[in-house]
Structure formats: structure tokens, C-alpha cells
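Data block below; observations after.
The values are calculated or read from the model by the stated rules, or taken from the named source; none is laboratory data. If you're wondering where the values come from, they're calculated on a predicted model, not measured in any experiment. All Cβ positions, glycine included, derive from the backbone under ideal geometry; neighbour counts span all protein chains shown. Side chains are part of the model used for accessible areas, which takes the heavy atoms of the whole protein and leaves out ligands, DNA and RNA. Shrake-Rupley method; radii C 1.70, N 1.55, O 1.52, S 1.80 Å.
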Amino acid sequence: MLKAEEISVTFGKKPVLSGVEFQAVPGQITSIVGHNGSGKTTLLRALTGDISFEGRVFLNDENITKKPAWELASLRAVLPQATPLAFPFTVIEVVRLGLMAGVNAENANLAVRALKQVGLLGYENRFYQELSGGEQQRVQLARVLCQVWEPVLDGVPRWLFLDEPVASLDILHQLMVMQIAKSFASKGGGVIMVMHDLNLTAQFSDRVYMMKSGTVVGAGSPEEVFTDSQLSLAYSCQIDRSGPSVSTILHPAHIVVNAM
Amino acid sequence: MTTVADIDISVAPPVVIDRSQKARRLMGVLCVGLILMGAFSLTQGAAGTSALRVLGQMINGQDVALRDQVVLFDIRLPRLMMGILVGGSLAVTGALMQGLFRNPLADPGLVGVSAGAGLGAISAIVLVGALPLGVAEFFGYYLVPFAAFFGGWISTYVLYRVATRRGQTSVATMLLAGIALGALAAAVSGVLIYQADDTQLRDLTFWGMGSLAGATWTKVFSAAPIILLALAGAPFLAKGLNGLALGEAAAGHMGINVQRVKNLTVVSVAAATGAAVAVSGGIGFIGIVVPHLLRLAVGPDHRYLLPNAALLGGILLVGADMISRTIIAPAELPIGIITAVLGAPVFLWILLQRRSVVDM
């Protein structure tokens, strides 16, 4: 279980998060949604221990600030929004960096299997810098998957933190990535993701945290959180949920892709 | 046709090009290359002493002329050793700094670290008389290298603090801050040189030209421990620098103690640059060109990049030095001219390649 208590973050004198309570359980996808600048990514970065914050974060019942980086790396992997690279790494070299945390050792075959999962088989020897933004994002997802390949290891659940994992992807790969997250959770791992697409969030999440101006304004199942009044409050605009949505037109079960 | 959920992942792996094997082979080739280049450089020189003849005489137990002995063992050999040490140090510090800044344009010579180290060295030469009693004696021959290390360390640290915000280094800020730091160090160096007496001035002039000409065993032994320590430690930073290529946060997520890698890199860069600058003045472009060529050839994995850079840096500097002392023999061309002629076009080429990426 991941539990965060009383999380507050300030940048300079500006409060970005105020007293946020957050909880996620393994076996589920927990999504964080909210308007631009609502503190979604900051919350994720506090949960991963990237930034200093007030409050406490417990990962599998242990305080993350007391754990060394290498130990945390064996428990959780983090996908950032975008990862530019300055040096000419090939795709396979980037993915293999995910094996560095050591748990999966130098299992080269794992990198290829991860690439296949994100639909990039055949890209191994291409230069990362030459790929499109969406392809780069999927390469990074493959790297992250390599780090925590087994959702549960020795009875201990492991975690995926994904910051807007589908933001730069086309619809096929959005669904592909959400399916990967779903499958990771269904095998006992925990997934926490920051999302903008409310349709995909509703479709795939088990639990949703809705944020506004640095505070949580709604938490629960998508059905509980995504009500007209809550959505209007969080996004400061009228949202009509009665029209056709992507999720009703394109249910993932109806999407077929070529097995590459 | 299958659904996304049941893509089969148990296929035979495709052909993956593994550049690490190529990099390991290159390491062997460069080792041989360094030995050959070193041996060849011993045979070349203004004095016309044949190293082969001397070697033959020694093997046959014949007397070797004192002049030949001096030329070979007191002039060419320490100079060769210094070339290998300084060349290796310049290339490795370049690679380390580029890894730290996540940028192929970072180089101690370019961003003011060498200038800072130079200021340290000049201060030690000029102000040695003003030091408290016993300090100069305590450091002995290591005074100038140590002062250069200190100057290089301060420059690297300030540069990193100025150019890096929230784990991201801005190229523009780094280059501009480097220019400012370099100018400041040069200005203070100028004031010190103005204060120097005639003997010190002579020392400084020869030193500042950037040359291996003054190589003596004393200088080799004063710089070697520092440079060798930094070079030997560099491979331990390789994994961390590979992780840093993805950014500081991502490196931390992969279990790397980012702060420790950064601190050790800064200290290694400052130590090796300081020692190299102290014995040879500022020699440019090796630190940019060598890592760049190696990344093109065998990829950016620091586990192989760093040792290969040490070897190729040594080869290039020994080669450049050989050209500098033979091309207009018996006079010498400053080695900086040779490295600049070889290096500047490569540097410009990198800039052109990266024009779209560099944020300036």
C-alpha cells in the first residue's frame, strides 16, 4: 500500500500542495486528475520522493525518506512526462538502462520483450533522438517496465508511477499503454498515474483523485468522482457527460492491433 | 490480428546490435595504438638520437653515449609520460564533465574550469613568498598542482550551481557562465602576473603557452598521483553518469545516489584538470573532440567511453606533441596550435549538427 499523509509543498513562498491525503493499493490503478497547475505532477513527485515536502509518504508501510535510492529503485519505477537525451543512445541501450536497478540483472532479453510490449519491436538499433515524441515516450515506458518487470516480487508488490503516460500518444498506443498498466495492476502491482484524458481515466482507473489548486477535491471510484457538479467545480467549466464519449465509441475490447 | 491484451511476448529476440563488444575491441586496439605511438614518439626529435640504436646498444651491453642517455631518458621519456597523462586527463575530464552536464559541449577548457585551475597555479607561483611559513614546504612539488586543483574545483562548483536548476542544466547558461568565470579568472591572473617578478614572469610565460616542453621527471611525479587517482576513479562513476543521461530525477529513480555521483565527478574533474593544467598549461579541444569521436564510434556508454577516452586522449596528445616538436625543428610549435587545428573544425561540426537542439 502507498499512503501519504498531510503532504504540503511550497515553491519559494507559493504553496503548491496543501495538506494532501493520498492512498493507493496494489492491484489497482489510481489516477490523479485536475486542471493545469492543480498540483498533480507535484503530488506525484512528492510520492516518488523527488522533491522535498512536509508530511509523510509510506510505500509498503515504510517511510520513503528513510530508504536509500537503490532500495526504492527495486520497489518502484517512474515514467516522467518527457525525457530528452543529449547523447546518441540507441533504443535498446535506453531500455537496458532500466535493468540498472539490479533486480532483473543484465537480462538482455527482457529489454526486447519490454519493447515488444510497447509496440516498438524492430526499433532496437534506431537512435533514440531520431524518434518522435510519442515513440520516445514508449521507449521510456519500456525502460520503466524493465525496472519492475515482475509486478510482485517475493510477495512484495511493486509500483509504477506514470506522469501523463498517454499525453503524446495516438489512440492505439494510448489504449496499449493503459492496457499495460491494467495488466501490471491485475498481476498485483500498484499503478499511480497523472492523467488529463478523463474518458481513459474513467475507463481504466479503480480509484481517482481529483485536484484543484493544490488540494484534493474528490476521491473515490470514477463513478463517485466524475459527477457533473464535481467536474464543473474542479475544472471551472460546464461539462456535459451525456454526449457520446470516446469510451462508449471505442471500447478497448473492440480495438484490434496487428501483433508486430 | 490480436487484441492489445494478448500480444504474444515470447518470441525469439531480433538481431540487436551490441556496441559494447565493439567498444571493448576498440579498447584493445587503442592500447596497442598507445604503445606504438609512444614508441614511435621516442624515436622522433630534434636531437637526432635514435632510440632504436640506444636500445640496441643497451641490449648488447655496449656503452651508451651520455648525450643519448640524457635525450632519451631525461627529455623524451618524461615528455612521453606527461603526454599520456595529460592527454588522458584532458579527454577523461571532458567526458566526465559532458556526462555531468548532460551536454557534449561541456569541456573544462571551454567553460572556465581550466582558467580557474590556471588562476590557482599562477597564484601559487606568484604568491608563494606570501604564504605562511611551512605551507610551501609542506606541499613541496605538489603546491602548484594542488593550487590548480583548488582553482578548478571552485570554478566547477560555481558553474554547476549557476547552470543547473532543479536537475536540468541549461546549455546557454553554462556556456555564458563559463565565459564569465573564465574572464574573471583571466583578469585576476592578469593582476597577479602584473605583480610577478622577472623570474616568475619567465616561468609563467612558458607555462601559459600550453606545452609539454618543460616536462621533467619531477613534474611527471608531481602530477601523476593526482591524475592517476582521478582516472582510476572515473570508471566507478560510469554507471551513475549513464543514469544521469536521463536526467537527475530519472537517475535517482533507478537507484543512483545522484548527489554522490555529482560530487565525485566535480572533484575528479577539478583534480585531473588542475594537475594537467599545472604541468602543461591550458591545452584545448582534446576534451571535446575525443569523447565526441568515441560516442560516434562506439556509443555513449560511460563504462567504455571513459577508458577509451583516456587511451585515445593519450595517443592524440603524444601525436600532437610529436608534430609540435618536429615540424619546425629545432624550434617548437606550441602544442595548442596543433590541437586547435585538429579540434576546432570538429567542434564547429558538432555545433552545426546540434544547431536545432542547442538552446541558444
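Values for this structure:
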item: Of all residues making up region B:287-306, the number that are open to solvent by 10 Å² or more (accessible area, probe 1.4 Å) and within 12 Å of the chain's Cα centre (by Cα); result: 1
item: Test result for A:Leu85, at pLDDT below 90 and surrounded by 15 or more Cβ atoms within 10 Å (Cβ to Cβ); result: yes
item: Set A:Asp154, A:Asp206: member being without any contact (Cβ under 8 Å) to a residue 24 or more places away in the chain and not polar (S, T, N, Q); result: A:Asp154
item: Enumeration of residues in region A:146-161 that are within 12 Å of chain B (Cβ to nearest Cβ) and open to solvent by less than 10 Å² (accessible area, probe 1.4 Å); result: A:Cys146, A:Gln147, A:Val148, A:Trp159, A:Leu160, A:Phe161
item: B:Gly243 being under 27 Å from A:Leu141 (Cβ atoms) and either open to solvent by less than 30 Å² (accessible area, probe 1.4 Å) or within 14 Å of another protein chain (Cβ to nearest Cβ) (or both); result: yes
item: Qualifying helices (runs of 4 or more DSSP H) (wholly inside region B:234-306; at least 2 residues being over 26 Å from A:Thr48 (Cβ atoms)); result: B:258-280, B:286-298
item: Matching residues in region B:103-124 - criterion: being at pLDDT 80 or above and either among the polar types (S, T, N, Q) or open to solvent by 30 Å² or more (accessible area, probe 1.4 Å) (or both); result: B:Asn103, B:Ser114, B:Ala115, B:Leu119, B:Ser123
item: Total residues in region B:300-342, condition among the basic types (Lys, Arg) and either touching a His at 6+ places or on another chain (Cβ under 9 Å) or over 17 Å from B:Ala47 (Cβ atoms) (or both); result: 1
item: Helices (runs of 4 or more DSSP H) contained in region A:126-204 and holding at least 3 residues touching a Leu at 6+ places or on another chain (Cβ under 8 Å) and on the phi < 0 side of the Ramachandran plot; result: A:133-147, A:171-186
item: Subset of region A:91-104 [open to solvent by less than 30 Å² (accessible area, probe 1.4 Å), among the β-branched types (Val, Ile, Thr) and more than 7 Å from chain B (Cβ to nearest Cβ)]; result: A:Val91, A:Val94, A:Val95
item: Of all residues in region A:184-225 being in contact with a Gly (Cβ under 9 Å, 6 or more places away or on another chain) and polar (S, T, N, Q), the one that is nearest to the other protein chains (Cβ to nearest Cβ); result: A:Ser186
item: Residue within region B:205-218 that is in a helix (DSSP H, G or I), at pLDDT 80 or above and either touching a helix residue (DSSP H, G or I) at 6+ places or on another chain (Cβ under 7 Å) or among the hydroxyl-bearing types (Ser, Thr, Tyr) (or both) present; result: yes
item: Filter result for A:Leu120 (more than 10 Å from chain B (Cβ to nearest Cβ), hydrophobic (A, V, I, L, M, F, W, C) and either open to solvent by 10 Å² or more (accessible area, probe 1.4 Å) or in a loop (DSSP other than H, G, I, E, B) (or both)); result: yes
item: Residues (open to solvent by 10 Å² or more (accessible area, probe 1.4 Å) and within 13 Å of B:Gly33 (Cβ to Cβ)) located in region B:307-318; result: B:Ala310, B:Leu311, B:Leu312, B:Ile315, B:Leu316
item: Filtered residues of region A:39-73 (kept if at pLDDT below 90 and of a type in the set (Gly, Ala, Ser)); result: A:Gly49, A:Ser52, A:Ala69
item: Selected residue (criterion: farthest from the other protein chains (Cβ to nearest Cβ)) from residues of region A:51-82 that are buried (at least 21 other Cβ atoms within 10 Å of the Cβ) and over 22 Å from A:Arg138 (Cα atoms); result: A:Phe53
item: Test: residue in region B:81-101 that is touching a Phe, Trp or Tyr at 6+ places or on another chain (Cβ under 9 Å), at positive phi and modelled with pLDDT under 95; result: no
item: B:Pro334 of a type outside the set (A, V, I, L, M, F, W, C) and either more than 17 Å from the chain's Cα centre (by Cα) or farther than 25 Å from B:Lys219 by Cβ (or both); result: yes
